[in-house]
Every structure is written in structure tokens, then in C-alpha cells.
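Student: Next up is a structure, given as C-alpha cells.
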Amino acid sequence: MAGEKRLNKTNGVEIAAGDLAEALGGVLAKGDSAVNISGIAGLRGAGPGELSFVSDKKHAHIAAETRASALIVPQHVHLPTGCTTPVLIRVPHIEAALDRATALFAPPEPPPAEGVHPSAQVGRHVVLGENVSIGPCAVVEDHVHIGDNTTIGAQVFLGYRSIVGSNTRLCAGVKIRHRCRVGDRVVIHPGVVLGGDGFGYTLQGREHKKIPQIGIVVIEDDVEIGSNTTIDRARFGATRIGRGTKIDNLVMIAHNVQVGQHCIITGQCGIAGSTELGDYVMLGAQAGLIGHIRIGDKAMVGARSGVAKDVPPGAAVMGALAEPRQNAARSMIAAKKLPNLIRTVRALGKKVNQLAQAAEAGSLKPHKKDDRG
Amino acid sequence: MAGEKRLNKTNGVEIAAGDLAEALGGVLAKGDSAVNISGIAGLRGAGPGELSFVSDKKHAHIAAETRASALIVPQHVHLPTGCTTPVLIRVPHIEAALDRATALFAPPEPPPAEGVHPSAQVGRHVVLGENVSIGPCAVVEDHVHIGDNTTIGAQVFLGYRSIVGSNTRLCAGVKIRHRCRVGDRVVIHPGVVLGGDGFGYTLQGREHKKIPQIGIVVIEDDVEIGSNTTIDRARFGATRIGRGTKIDNLVMIAHNVQVGQHCIITGQCGIAGSTELGDYVMLGAQAGLIGHIRIGDKAMVGARSGVAKDVPPGAAVMGALAEPRQNAARSMIAAKKLPNLIRTVRALGKKVNQLAQAAEAGSLKPHKKDDRG
Amino acid sequence: MAGEKRLNKTNGVEIAAGDLAEALGGVLAKGDSAVNISGIAGLRGAGPGELSFVSDKKHAHIAAETRASALIVPQHVHLPTGCTTPVLIRVPHIEAALDRATALFAPPEPPPAEGVHPSAQVGRHVVLGENVSIGPCAVVEDHVHIGDNTTIGAQVFLGYRSIVGSNTRLCAGVKIRHRCRVGDRVVIHPGVVLGGDGFGYTLQGREHKKIPQIGIVVIEDDVEIGSNTTIDRARFGATRIGRGTKIDNLVMIAHNVQVGQHCIITGQCGIAGSTELGDYVMLGAQAGLIGHIRIGDKAMVGARSGVAKDVPPGAAVMGALAEPRQNAARSMIAAKKLPNLIRTVRALGKKVNQLAQAAEAGSLKPHKKDDRG
């Protein structure tokens, strides 16, 4: 790749280390307050002139390798002796300080197209709020409603009578089929499909006959949905994603699933039809849930787990046939011991036979001792 | 989400309970035949004035909680004593009755655009049947053929020399690459990709060299394909999906796979290159099949199973290394017993040692009894 | 599907068998050198007049069933006695011969649109190299750079300040968000999303607050990416895919992941945040890697494996909790023995009890022998 420039030199802003410490609510613990800082990056990616950070003690050892000119460090974290970074800023709350630093150095957001792009295709009886942006080649069918300050990206499809709330952002190429509803302050990443038909058939004779899927999808306020995730419309009523829930990429949510509020659903999870999640449920990546079960509030499902029955509120489960985390851990440890166990049992069997034979013969000395087991 | 209206009040139709019973081929078993019904929903989603249903006895207990005004119930299913729904309609075939009820109350389908939308880009030598609809911003390349009554959704891409049959529906944003073929009465949901190159490389020196993929994808009649599923073109010849097969969302079908007729392939399954499925095969969600194997007619693969060898016709297999369902179940039950088994063997080993030592010493009383095992 | 023509009759070329043998660098080992060959297909898909091939001895038995008129066969592979194919061409290097044969019979590639299609929407300050093709309904935002001879497919989205190199091909519907960078000679299949926000939140009170993701995605030269795969932008710096790496369909690569050069990442894999892959790493289909781990150069991860810790260079691991391949195989074999082991231990326990009781009673004959174990 010819001509790749520095990635991290972001928006041209330069701030003196002393001013930066103040802006981040921290203290300049070491270094020259006049040194200019012009960007932010991870410990491994940062270069000279840039700020980096140690988020917790687990990653502190990497600070010895960084080429950054300045580090933000939480007050209680010790840095490795090899760390030679010239400027240290100690802060009370690392995440808050990072948020501020990110805002300082972030490249400007790409400006949304103003108004309706001339190449966008907007149908009849469409109701647009104030300050709506509709990008190039977007298609908005008849009777769609869009709320104030909402951005409809390039090549988005909004089907017949769909509704999108205010301050929402649909990225390029999102497809929302007819009648589905999206709330306020929602972010939907490229390639997401809402409202595909639920997967339902009945075998009639030798053919699978489609069960009509006349319901919709409802995405409540403050939800975020990652790239290429799909959420199917309900057979009746609505497949629902509760307020504040965050969904990662390539997740499959089937018809009539009910997801509660503030859940975290990580990449490539699948949730089968009519399953219900309470609030604050967390699903690890690539987990799969069968249909018609209920996952209680604040339950946690481990990555790659298969869940085949209800999970009570607050429980943490994992495993191919998910069970409480302790049991699953016990089973995994036991499984590692199995090859040795087989050998132990074989030796034990031999010993018992010898003992039995000796007993029968009236001679009671076993041939050799073996105290494994 | 301000102003969310009732979801289920669907198309404004109102039908008296007596007329409804007759229309559904059932009998008014309880309630006032003049009560007006104006929509249909699931037991938990239904509200006053609406119809709901009990599909089988497994879900009958939920009928005690519903707020629906009327229920369709199969003749042989008993309702819970707490069920206070005013109107009951008994029917001989619940699925047939539901189909009719759905048709009565379903909201009208969004009307397809008429003809070729002015923003659609249609190439040269394209052959369109009668009554074809091509949506806004669709792209149809040169030499494409499209059959009668077929709907090409907004933003669909039909590559060079691809062929689509009659009475087929391609939803918004479907991408079909050059030369691929889609049959009659096919439904393809948004974001599906047909005809991406198969994943094949040979290592030449230190580089992976691409193996050309000059084949196509053939989708036979009456197939349905779910959102964001991908089916790769063959190296030579065709990757083929047989007539009447139904495929769910986010499924990956690799090059040269041959899927038979009337199969069911559930969400997030993956089928590696050149594997063959017979007819009426069922794959549970998130299953993975390696390449170059054969799954016999009517075989069933459990959800999340990994299949690494042929499956005979009619077999039901499951598990991480899929095996016949009974063996897999036996293995799972055995695995749960493993931690206890380890303890048992340890105790047994101790006992045998005591016995052996006692025997050697000429004293034969073991120190304590332990009859676990 | 009415009127389906032969799939394999590809570009109308006919070549005499003798000329074909010469063109492929092989020898006509059997058959009439004047027989005309007009296409190429797999052993099962080939018909009369077509060429097929036996790639290795594992598949040689299928040659007895083929209807092809000619076969390419490596010098050392024996054909089954039932093989009646009239023409045999023996070649020293089967893959090289196949490449040449494919090139001879391949249907012509669809011609890319010339220049910028009038329906494409190209922003301000866009820099286009020579001979760039931009397809219908593509959207190119402001300040984008595109290198020479690059093809931007229909309905592609290139976000603000994104950069695409030379001789690169973006298929229909690819979405690349702002500032992301794609190298030279890259191929990206339909529906791929680059630069969706990384999945990162902090719980503030009762709400998940979004962590800004201000980094980008960098795709280096000679990479290929399969349909509907998603690669998220970094929190800071770049999520990076190294030169020559090949990625299959529906793969999920999270923020800040660093993939080395010449890796192979098979369908539906998932790689969680900040994980690093060395060079020449191979991931089998549907594998999952947790975040913040390192997979060494040339390591191999089996299909459907879950990787929860570092993998050293050159190691081959597999299993639900991935471990070295031999251990995993040993564990799988042991697991199959578990039901029998449980029975063995039960029998052994009984025998030991009898022995102990007999010993206590002074009678030493066990009731029966059992030498399993």
C-alpha cells in the first residue's frame, strides 16, 4: 500500500501536556508541561507526539513498549520499571478521561447530507420531521414517518408504512421492511435487515407451506445494532428489542423474540423464535438460544454456549448444553482428567483381579503395589 | 417511543364471532356470536377485541393469562380452569383455521411498484416478462432475463446474464452476481448474496493464489432464502439449491454444495464446499457441515452440531462431533456423571489398597466400608 | 425451472483433445486426438463433450461414474477399472493444468461499466485514478481517493475520506465507512461492511454508554473478503488485515483486531476485540477467538473450535476449549469410552465390596469373576 500516512494524526489539534492534564481532570505527574500532544492511540499503535493510556493494571506491562509521548494512567496503577514515556498524567477516572481525550483528538464526523439528496427516491404521503437528512440512492416508500434530526444513510431502504423516530442514525444500506418501527436515538450499522419474514412452514403433503408472517419488528429507543445483523418480523404482533439494548454484528434474532431493556448481545449470537430475554441480559459471542425459553433479568450466557432451557434471573451459565458456570467449569476440569481416569480404572481392575485370584488360591500377596487412584 | 399505537389492530376489518367461527370451519363453543373481532395476535400479545389461539396443549396454560376476546382452540385441547376468554371457537385443524384467520385480518401487502421505476438502471438486451416490477435504484445488467409477474425490489442487483423466473420476489438489496439462475415462485429476503466466488486458493510459494470460480448458483423453484444468507458460485458447474428448500437467515453455503429438494436449513448454519444434502434434510440452527460429505434423505442434524462424516438417510444426529442422537444423549448424560465418577474411583482405589495391604499383613479386616460405586 | 440449458457449455470454444493435451503441458495417454472438447466441469457434473479431472487418488473412484469425454489425471494416480472415459490426458501438475483449462473454457467476465455511471453519486474533492469504473447507484462521498484500474461495483458505498488502491474490485453493495483504507489488488464480495463501529460500552448508572470508536479499518494489498463479512473500525488506530490474507463469508472481525499476512479465515469465524493473528494463520470454519489473545505464525485452529488463550506459533489446536490437536483427539476418544467406563467402575466397586465382605467373613471366594477393566 503505497503512501500510507500516519493513521493516528487525527484532526490537527495540538495541546500542551499541562493543558491536557487539566482538560482531562488529572495531574501532570511527570514530564514537561509544554510538550505538544497531537493525537491518541493504543499503547502498541501510538507513536511520538501522541497520547496513550493504561486502562488497568492487567495491561500496564505493555507500557514498557509504547512509543507514545504521554500516558494517561489511573491513580492506583503502577507502571513497569521499563516505562520511559516522558509525560505521565494521573487521573481519577480513566474512562471519563479517555472520553474527553477522544473528543479532543477525534477526527471530525463526516457531515450528513443536508435534506433529501436529489437521487433519493421518496414515495407519497411520507412525513419528515425537521432537519431530516436522506442520503443518495436511499429509497423511502409510501406512508413512511421519520422523526426530527434523523439521518437516513445512502442506499437505505425504508419499507411501506415503516416508522423511524428522532435523532436516529441509519447507516448506508440498512434495509427496513414494511410497517417496522424504530425508536429515538437508535444507531443501526450498514447491512442490517429488519423485518425479513420469520422462518415458519408447515409440511402439507410433500411440500413446506409458508406460514404467513404478518407481524412487525419494533426497535425501542437508544438501541444500537451492528453490521449485517438480521431481526425477523413476528408471525403476529412484534419481535421486540427493548430500550437501551446493544446488539453486535451478524446476530440472528428470529420471529417473536422479545428482548428486554439494556441487554448486551455479542457478535454472531442466534436467538430462536419466541424466546424472551429479561432486562440486562448478557449473551457472549456465538451463543445460541433455542426457541420458546426465557432468560431472566441480569442472566449471563457464556460465549459459544448453547442454551436449551430457561435460565433464572441473575444466573451465569455456559457450555455446549449450558449449565451454571460452576458446574460447567467442574465438567470441563473433569473432562481433562478422563484419559488418566481410564488408565487408573484399568490398573485398578487388574489389581482387584489379582487380589481375587490370590484370595481364591489361598495366597494373599499381590504381585505388585500400585497406589494410583 | 412516543405515540406507539396498537400493533395488532391491523386492517380495520371487524367480524362477528359467529361469522368468524363459520369462516374458520369451526364451531362457536362458548360466547356471544355477535361480539366483534378486529384482529389476531399471540396469547401474550393479544388485547381486547382480538382473536388469539392455542396451537397445542403444551401452550394451553398461557390461555389463563391472555387478554384476547376470543380464542381458536383445537377440538382435543383442554383449556386451563383460569381461562376467562369470553368467546371460544373449536376447530378441527388449527393450522388451517389460523391461515384463514390470518388472511382475514392481515394488513394489506405493500403494493409493488408498477413497471420499471425511473431510477432503476436496466442494461441492454434485458428480457422482461409480463407484469414485471423493478423497484427504485435496482440495477439490472446486460442480457438479464426476468419472468412474468416477478418483483425485483429496490436496490437489488442482477448481474450480467443472470436469469430470474416467474412469480418470484427479490426483496430490497438482494445481490445476484453474473450468470446465476433463480427459479419460479422463489422468495429471497433482503441482503442475500448469490454467486460470490467460492473460497479456494492454492499456496504458490509464499502467496495464496486464487483458484478461478467459473461456475454459477442455481436456485430451483419454490425456494425461500432468509436475510443476509450467502451462497457461493461453484468452481465449475453449479452450487444448487433444490426445489422447495427453505433456508433461514445468515446461512453460509459454500461452492459446489448440492442441496436436495424440500430441505430445511435453519439460521446461521454453514455447509462447506461440495457437500451434498439429499431431499427433506433438516439442519438445526448453527450447525456446521464439513466439505465433501453426503447427508442422506430425511436425515436430521441437531442444532449446533458439527458434522464431520456422511449421515445415512433417515438418521438423526447431534453433538459437537455429530453421532446418532441416542449415542449423543448417552454421552451427554455420562459426561454429567464424570465428576462423581472421579471421586468414586479415588475411593475405590483407596479401598483396594487397604485390602491389599491387609491381605499382605495377614489381617483381612478393611478399615471401613464404602459401598459407593 | 423451464428451459434450463446446459450449465457447463461455457464460452463456445471447442478444442481437439490432442491440442488440449499440449496446451495443458500434458500427454495424451489414451483416446482420439481429434475429439472435440467444449467445456470443463467436476466429475459428477460433466457431460459428453466436456473435460473433467481427477485431482487426487482420494477422488479417483468417482471417475468410474463420470459422463465426461476427457479426463485430466496426475501422472501418479491410478484410475478405477470401471472408468470408461474415452480420452485421458496425463499431466505433471494437476492444479497448473486445471488453471490453464479453466482459462480456456471460462465464460467471458462481465465487462465492467466504463467510467463513472451517470446514476452514480460522486461527491466533491474525489480523486480518481486512470481507468476507474464506478457502477450504477454507487455512492462516493467527499474526499475519497480511488486508484488506477479499480472497479467500484453497483450500489457500493464509499464513505467520507475513504481510500481505495489500484487494481482493486469492490463488488455490488459493499459498504465502506468513512476514512477506512483498502489496498491494491483487493477483491471484496457483495454485502461486506468495513468500518462499522466497534462494540464497546461502559455501564453508567443503569445505561450502557457508547465508547467512541474513532479508529479505522485498513485492508492491505492482495486481500480477498467474502460476502457479508463485517470488519469493525478500531477504537483508536486501526483494525488491520495483513497483506495476502483471505477471508471467507459471514466472518466477524471486531475492533482493533490485527490479522497478519497470508492468513486463511474460513466462513462464519468470529474474532473478538484486539486479538492478534500472526502470519499464515489458518482458522477453520465457525471458529471463535476471544479478545486480547495472540495466535502465533502458522498456527492452525480447527473448525468450530473455541479459542480462549494464546496459541503458540506453529501449533495446531482444536476443540470447544481449544487445546493441542493430539490432546483434543485423546479427549474425544476418551469421551466416547465414558459410558462403558461408568459400567466398568460400577462392576469393579461391586467386586471389591464382595472381596472385602468375604475377607471380613473369613471366606475368600468371590461370587463371580469379572475381568473387565
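Student: Working only within the stretch B:33-57, note down all residues that are charged (D, E, K, R) and under 19 Å from B:GLY12 (Cβ atoms).
Tutor: Within the stretch B:33-57, just B:GLU50 meets the criteria.
Student: Just to be sure before I move on: is C:VAL259 surrounded by 24 or more Cβ atoms within 10 Å (Cβ to Cβ) and more than 12 Å from the chain's Cα centre (by Cα) in the structure I sent?
Tutor: yes
Student: A further question on this structure: Name the residues in the stretch A:43-65 that are touching a residue at least 12 places away in the same chain (Cβ under 8 Å) and farther than 17 Å from C:ARG235 by Cα, would you?
Tutor: Within the stretch A:43-65, A:PRO48, A:GLY49, A:LYS57, A:ALA60, A:HIS61, A:ILE62, A:ALA63, A:ALA64, A:GLU65 qualify.
Student: What is the number of the single condition among (1) buried (at least 17 other Cβ atoms within 10 Å of the Cβ); (2) not assigned by TED's automatic domain parsing to the domain that holds B:GLY135 that B:ALA23 does not meet?
Tutor: Here B:ALA23 clears every test but (1).
Student: If you go through the stretch A:268-300, how many residues are aliphatic (A, V, I, L, M), within 14 Å of chain C (Cβ to nearest Cβ) and not in a loop (DSSP other than H, G, I, E, B)?
Tutor: 3
Student: Okay, next question. With A:ASN353, A:ASN256 as the choices, which residue is more than 21 Å from C:GLY306 (Cβ to Cβ), of a type in the set (S, T, N, Q) and in contact (Cβ under 8 Å) with a residue 24 or more places away in the chain?
Tutor: Among A:ASN353, A:ASN256, only A:ASN256 is more than 21 Å from C:GLY306 (Cβ to Cβ), of a type in the set (S, T, N, Q) and in contact (Cβ under 8 Å) with a residue 24 or more places away in the chain.
Student: Still on this model: Need the failing condition index for C:ILE265 against (1) under 15 Å from the mean Cα position of the chain (by Cα); (2) within 11 Å of chain A (Cβ to nearest Cβ), just the number.
Tutor: Looking at each condition in turn, C:ILE265 falls short on (2).
Student: If you don't mind, another one. Of the numbered conditions (1) under 30 Å from C:TYR160 (Cβ atoms); (2) more than 24 Å from the chain's Cα centre (by Cα); (3) surrounded by 24 or more Cβ atoms within 10 Å (Cβ to Cβ), A:GLY153 fails exactly one; give the number of that condition.
Tutor: (2)
Student: Give the residues of the stretch B:262-273 that are among the small types (Gly, Ala, Ser) and either in contact (Cβ under 8 Å) with a residue 24 or more places away in the chain or surrounded by fewer than 22 Cβ atoms within 10 Å (Cβ to Cβ) (or both), sorted by residue number.
Tutor: B:GLY267, B:GLY273
Student: Say we look at the stretch A:129-149 and pick out the residues that are within 23 Å of A:ARG233 (Cα to Cα) and not small (Gly, Ala, Ser); which of these is surrounded by the fewest Cβ atoms within 10 Å (Cβ to Cβ)?
Tutor: Filtering first and then ranking leaves A:ASP142.
Student: Of the residues A:HIS59, A:HIS76, A:HIS125, A:HIS145, only one is at pLDDT below 90 and more than 9 Å from chain C (Cβ to nearest Cβ); which?
Tutor: Going through A:HIS59, A:HIS76, A:HIS125, A:HIS145 in turn, the sole match is A:HIS76.
Student: Let me ask something else about it. For B:VAL317, all conditions in the list (1) surrounded by 19 or more Cβ atoms within 10 Å (Cβ to Cβ); (2) in a loop (DSSP other than H, G, I, E, B); (3) modelled with pLDDT of 90 or more hold save one; what is the number of the exception?
Tutor: Going through the list (1) surrounded by 19 or more Cβ atoms within 10 Å (Cβ to Cβ); (2) in a loop (DSSP other than H, G, I, E, B); (3) modelled with pLDDT of 90 or more, B:VAL317 breaks only (2).
Student: Also, quick follow-up: Would you confirm, using the coordinates I've provided, whether A:ARG304 is on the phi > 0 side of the Ramachandran plot, of a type outside the set (Phe, Trp, Tyr) and assigned by TED's automatic domain parsing to the domain that holds A:VAL192?
Tutor: yes
Student: Here's something else I'd like to know. Kindly indicate whether any position in the stretch A:321-338 is surrounded by fewer than 22 Cβ atoms within 10 Å (Cβ to Cβ) and part of a loop (DSSP other than H, G, I, E, B).
Tutor: Yes, the stretch A:321-338 contains a residue that is surrounded by fewer than 22 Cβ atoms within 10 Å (Cβ to Cβ) and part of a loop (DSSP other than H, G, I, E, B).
Student: Surrounded by fewer than 24 Cβ atoms within 10 Å (Cβ to Cβ), free of Cβ contacts under 8 Å to residues at least 24 places away in the same chain and at positive phi, is that true of B:GLY205?
Tutor: When the stated conditions are applied, B:GLY205 passes them.
Student: With the stretch B:153-259 as the region, which strands (runs of 3 or more DSSP E) entirely inside it contain at least 1 residues that are in contact with a strand residue (DSSP E or B) (Cβ under 8 Å, 6 or more places away or on another chain), at the interface with chain C (Cβ under 8 Å from one of its Cβ atoms) and of a type in the set (D, E, K, R)?
Tutor: B:207-210, B:230-232
Student: Please specify each residue of the stretch C:79-112 satisfying the condition of being among the polar types (S, T, N, Q) and either surrounded by 14 or more Cβ atoms within 10 Å (Cβ to Cβ) or under 26 Å from B:HIS178 (Cβ atoms) (or both).
Tutor: Answer for the stretch C:79-112, where residues must be among the polar types (S, T, N, Q) and either surrounded by 14 or more Cβ atoms within 10 Å (Cβ to Cβ) or under 26 Å from B:HIS178 (Cβ atoms) (or both): C:THR85, C:THR102.
Student: How many residues, within the stretch C:304-342, are more than 20 Å from C:GLY273 (Cα to Cα) and at the interface with another protein chain (Cβ under 10 Å from one of its Cβ atoms)?
Tutor: Looking only at that region, the number is 16.
Student: Can you tell which of B:ILE265, B:ILE216, B:ILE241 is in the same structural domain as B:VAL317 (by TED's automatic domain parsing) and under 23 Å from C:ILE225 (Cα atoms)?
Tutor: Answer to the check: B:ILE216.
The values are calculated or read from the model by the stated rules, or taken from the named source; none is laboratory data. Computed from a predicted model, the values in this text were never measured in an experiment. Cβ: placed from backbone, ideal geometry, glycine included. Neighbour counts: every protein chain shown.
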